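Input: a single structure, listed below in C-alpha cells.
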Amino acid sequence: IVQSGVVAPDLLATTGEAMVESDLLGVDSHGISMLMTYEKRWREGTLKLRAHPRIEKQTACTALVDGGAGLGHPVSAFGMNLAVDMAKAAGVGIVGVRNSHHFGAAGVYARIAARRGAIGMVTSATRGVTMVPTRGAAPVLGTNPLAFAAPAKRHPPFVLDMATTTTAAGKVKVYDLNNRQLPSGWVLDAKGQPVTDPKQGFDIVFNQPEGGLSPLGGSPEMASAKGYGLAMMVHILGGTLVGSSFSPIRNRTQKPGDPDDIGHFFMAIDPAAFRAPGDFEDDLDDVIDVMHATPAADPAKPVLVAGDPEEAERQRRLRDGIPIPASLDTLIRGICERSGAAYLLA
C-alpha cells in the first residue's frame, strides 16, 4: 500500500499504532474490525489517505486543525499532542479538528495526554446516525464518544472512555461477527422495543431508518434524557464548535465523493499549573487506593476504577495475542487480496 503511493508511511504508522492499541485494550469494535469501513470510504473517494493535518489558526492555547478529509487517527494524535504542547506552555491547550473521518477509540488519544503528564479530554462528532433520542422513534445522533484521562504515579492513569449511547455501534457489529445475542436495551426497534438478535440489531443500527441505539441510561426517561443531553454536549464541542457537519443535515446534501467532515475536540490541562509538581499525581493515587479498598458486594468482583479493565486486558493480550473471530479474519483476507497487501496475521 505504501509502495503504491496510496498512503504516506508516517500516516500509516500512526494509524496502525492507534488501531492495534484499541485492540490491545479490548476495544475490538474500534480497531482492526474498522478496516472494511475505511476501505469502503477510500473506494468511494471520500477518504484521502495521503492527507496530512494542517493548522488553520492558532493562539497561545487554542488551535483549529484541518484533517484534509484523511483518516481520523493521524490528525487526532497530532491534535492531542499539540494540545499537550500548549498546556505545558500555557497551562491549558484546546485543539479542534474539522474535516476528519472516524478516529477509532477516543481513549487512545486521552491516554496520550496522560502519558505526557497532562489531563486529557476528547470528544468527537460521528458519521453514523444511530441514537434514538428520548421519546423518539428514529435516530438523529451518533454514538458521540467522550474520553477523559488523568495521570497517576503508582497506578496506571484513570481513563474513562465511553459512548453516549448505551453501547457503541461497533459493539453491535462485534456481536454480529461473533453471532452473540445482544443484551436487552442496547438496540431498540421502531416501536421502542428491545432487540436481542445480533443480525437484526446490526441491520437496525447500520441499515434501517427507524430504531437504533438507546441513549446512555436507557430507561427510565430521566436517565435516558441525561444521556441524550450528554450526546448533544459532545457534538457541540466535537462538531458545532469546530465547524464540522451534523450528520442528519449532511446526509441530506452529501454528494458522492464528499468527505464525512467529522469533527473532534481535544483538551489538555497541565496539573503543574494548579499544584506543585507531583502533588496531583500523589493525590490521585490516594483516591484510587480508596476506591480499590472499598468493600465489594461480591468478593470475587473487587471494585474497579475506570481504565482498570482495559489495562488488565492489554496485559493479557500482550501475553496471549489479540483474538480475531473467523468471520472477521475472512473479511481481512479479502481486503489483503483486493489491495495486494500480504496477509501477516498468525
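The values are calculated or read from the model by the stated rules, or taken from the named source; none is laboratory data. Every value quoted in this text rests on a predicted model; they were computed, and no experiment measured them. Cβ coordinates were reconstructed from backbone atoms using ideal geometry, including for glycine residues, and neighbour counts include every protein chain displayed. Note: areas computed on protein heavy atoms with side chains; ligands, DNA, RNA excluded. Shrake-Rupley method; radii C 1.70, N 1.55, O 1.52, S 1.80 Å.
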Subset of region 4-60 [in a helix (DSSP H, G or I) and of a type in the set (Ser, Thr, Tyr)]: 14, 15, 22, 29, 33, 37, 38
Since residue 58 meets every condition but one in (1) surrounded by fewer than 21 Cβ atoms within 10 Å (Cβ to Cβ); (2) touching a residue at least 60 places away in the same chain (Cβ under 8 Å), which condition does it not meet? (2)
When restricted to 108, 159, the only residue closer than 28 Å to residue 274 by Cα, within 19 Å of the chain's Cα centre (by Cα) and in a strand (DSSP E or B) is 159
Considering only residues that are of a type in the set (Lys, Arg) and farther than 20 Å from residue 69 by Cα, look in region 80-120 and name the one that is least open to solvent (accessible area, probe 1.4 Å). 111
Could you check region 67-79 and list, in sequence order, the residues that are open to solvent by less than 10 Å² (accessible area, probe 1.4 Å) and touching a helix residue (DSSP H, G or I) at 6+ places or on another chain (Cβ under 6 Å)? 67, 73, 76
State whether the residues of region 144-156 include one that is under 30 Å from residue 293 (Cα atoms), at pLDDT 90 or above, of a type in the set (A, V, I, L, M, F, W, C) and open to solvent by 40 Å² or more (accessible area, probe 1.4 Å). yes
Note on region 125-154: residues closer than 14 Å to residue 204 by Cα and either among the basic types (Lys, Arg) or not in a strand (DSSP E or B) (or both) are 128, 129, 130, 132, 137, 138, 139, 140, 142
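Yes or no, residue by residue, for (1) in contact with a Pro (Cβ under 8 Å, 6 or more places away or on another chain); (2) open to solvent by 50 Å² or more (accessible area, probe 1.4 Å); (3) touching a residue at least 60 places away in the same chain (Cβ under 8 Å):
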position	(1), (2), (3)
159	no, no, yes
165	yes, no, yes
170	no, no, yes
181	yes, yes, no
185	yes, no, no
188	yes, no, no
191	no, yes, no
204	no, no, no
Residue identified as assigned to a strand (DSSP E or B) and either among the aromatic types (Phe, Trp, Tyr) or over 26 Å from residue 210 (Cβ atoms) (or both) among 75, 84, 95: 95
All but one of (1) out of contact with any strand residue (DSSP E or B) (no Cβ under 6 Å at 6 or more places or on another chain); (2) closer than 29 Å to residue 26 by Cβ hold for residue 89; state the number of the condition that does not hold. (2)
Given (1) at pLDDT 95 or above; (2) closer than 28 Å to residue 105 by Cβ; (3) out of contact with any Lys or Arg (no Cβ under 7 Å at 6 or more places or on another chain); (4) of a type outside the set (S, T, N, Q), number of the condition residue 286 does not satisfy: (2)
Can you pull out the residues in region 168-188 that are farther than 16 Å from residue 131 by Cα and aromatic (Phe, Trp, Tyr)? 175
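Take the conditions of a type in the set (A, V, I, L, M), farther than 30 Å from residue 289 by Cα and free of Cβ contacts under 8 Å to residues at least 40 places away in the same chain and apply them to residue 232. Does it pass?
No: the conditions fail for residue 232.
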Contact list please: Cβ distance under 7 Å, first residue in region 67-91 and among the aromatic types (Phe, Trp, Tyr), second residue open to solvent by 10 Å² or more (accessible area, probe 1.4 Å), pairs at least six apart or on different chains. 78/53
